[in-house]
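For reference, the structure is listed below as structure tokens.
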Amino acid sequence: MSTVFLNGEFLPSDQARVSVMDRGFLFGDGVYEVIPAYGGHLFRLLPHLQRLTDSLRAVRIPDPYTETQWSGILEELIGENPGTDQSVYLQVTRGVMDRRDHAFPLGLEPTVFAMSNPIPDPDPALAERGIAAISLDDIRWQSCHIKAITLLPNVLLRQQAVEAGAAEAILIRDGHATEGAASNLFIVRDGTLITPPKGPLLLPGITRDLVIELAAGHGVPHRENAIGEAELRTADEVWLTSSTKEIMPVTTLDGRPVGDGRPGPLYRRMHGLYREYKQAVREGRAG
Ligand SMILES: Cc1ncc(COP(=O)(O)O)c(C=O)c1O
């Protein structure tokens, strides 16, 4: 039985209870984070906590804890649960209301929940074969930079991808590729790594930032630029990134091969750099 954190307490998951009047349950009124931990060390903790603060501020939920308190809670949580590598999920909702009303009463106490689950190393076959993706219309709202628990469009998009035999959906809005249903997008053209700039139409991914940082630190040409649909379809390489899936090379898009249909050379280089970084985190040499 895993141990979870709920409103100040650590307890077995089957004893954790949230009210049916919680605004997270009734409205999806809350935000979340997913933070991997390798060898007991939380990966890129401060950027994750900064994004949490930004999401909370954007939806006007007061941050229940300081950075130090958050770190203490999450470290204790991973210590309580098995697994060298774990993925921490945390969510903060606006709290429990007296009666159902969209407008929020001031002064509610946020509901804070966190759990941690073991994560396996990514399947090595992924780096050999890559994944299939399909392109779909980005049907989400205009504030995709907020990591909101309200994920119905993402759920439906991912399901559509799975039913089409693909691992992920790449979203297209007004002729431009924004990101995946639960991942950020990179393409490679003529040796340059390109990812769409941050803004309200995509989540500022922590893995995305790390990939850019690794590119900058190792002389990989890169730029942040809008990606037109035609550019996506003729890219030499396409990657999707996320904290739990790391870097996924997309080798078919809408049933057609990307490049030569195999993970490309720049992917292999970045995958190596990423693995080194992850190992440094595991050994406590990087954060
Ligand atoms: C819509 C969306 N974009 C991008 C990402 C990747 O973000 P991160 O690298 O911080 O996990 C996620 C992660 O879940 C996501 O849901």
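The values are calculated or read from the model by the stated rules, or taken from the named source; none is laboratory data. Bear in mind the structure is a predicted one, so any value in this text is a computation, not a measurement. We place every Cβ from the backbone using ideal geometry, glycine too, and count neighbours over all the protein chains shown. Each accessible area value is taken on the protein alone, full model and side chains, heavy atoms only, with ligands, DNA and RNA left out. Shrake-Rupley method; radii C 1.70, N 1.55, O 1.52, S 1.80 Å.
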Single condition Leu108 does not satisfy, out of (1) away from the ligand (no atom under 15 Å from the Cβ); (2) open to solvent by less than 20 Å² (accessible area, probe 1.4 Å): (2)
Six or more apart or on different chains, Cβ atoms under 7 Å: show the pairs whose first residue is in segment 32-43 and under 16 Å from Ala280 (Cα atoms) and modelled with pLDDT of 95 or more and whose second is open to solvent by 30 Å² or more (accessible area, probe 1.4 Å) and within 10 Å of the ligand (Cβ to nearest atom). Pro36/Thr244
Please pick out the residue among Val59, Val162, Val96 that is open to solvent by less than 40 Å² (accessible area, probe 1.4 Å) and of a type in the set (Val, Ile, Thr). Val59
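Here's the yes/no breakdown for (1) out of contact with any helix residue (DSSP H, G or I) (no Cβ under 9 Å at 6 or more places or on another chain); (2) in the same structural domain as Gly272 (by TED's automatic domain parsing); (3) under 23 Å from Pro36 (Cα atoms):
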{"position": "Asn81", "(1), (2), (3)": "yes, no, yes"}
{"position": "Arg99", "(1), (2), (3)": "yes, no, no"}
{"position": "Leu106", "(1), (2), (3)": "yes, no, no"}
{"position": "Phe113", "(1), (2), (3)": "no, no, yes"}
{"position": "Ile131", "(1), (2), (3)": "yes, yes, yes"}
{"position": "Ile146", "(1), (2), (3)": "no, yes, yes"}
{"position": "Pro153", "(1), (2), (3)": "yes, yes, no"}
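Residues that are surrounded by 19 or more Cβ atoms within 10 Å (Cβ to Cβ), at least 2 per element: which strands (runs of 3 or more DSSP E) completely within segment 184-253 meet that?
Once the strands (runs of 3 or more DSSP E) in segment 184-253 are filtered for at least 2 residues that are surrounded by 19 or more Cβ atoms within 10 Å (Cβ to Cβ), what remains is 184-189, 192-195, 237-242, 246-253.
For segment 127-140, enumerate the residues that are surrounded by 18 or more Cβ atoms within 10 Å (Cβ to Cβ) and of a type outside the set (Lys, Arg).
Result: Ala127, Gly130, Ile131, Ala132, Ala133, Ile134, Leu136, Asp138.
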Would you confirm, using the coordinates I've provided, whether Asp236 is in contact (Cβ under 8 Å) with a residue 12 or more places away in the chain and within 16 Å of Gly180 (Cα to Cα)? no
Unmet criterion (only one of (1) within 16 Å of the ligand (Cβ to nearest atom); (2) surrounded by 14 or more Cβ atoms within 10 Å (Cβ to Cβ)) for Ser143: (2)
Could you look through segment 165-183, keep only residues that are away from the ligand (no atom under 11 Å from the Cβ) and assigned to a loop (DSSP other than H, G, I, E, B), and pick out the one that is surrounded by the most Cβ atoms within 10 Å (Cβ to Cβ)? Ala166
Does Glu229 satisfy being closer than 21 Å to Gly130 by Cα, away from the ligand (no atom under 16 Å from the Cβ) and in contact (Cβ under 8 Å) with a residue 40 or more places away in the chain? yes
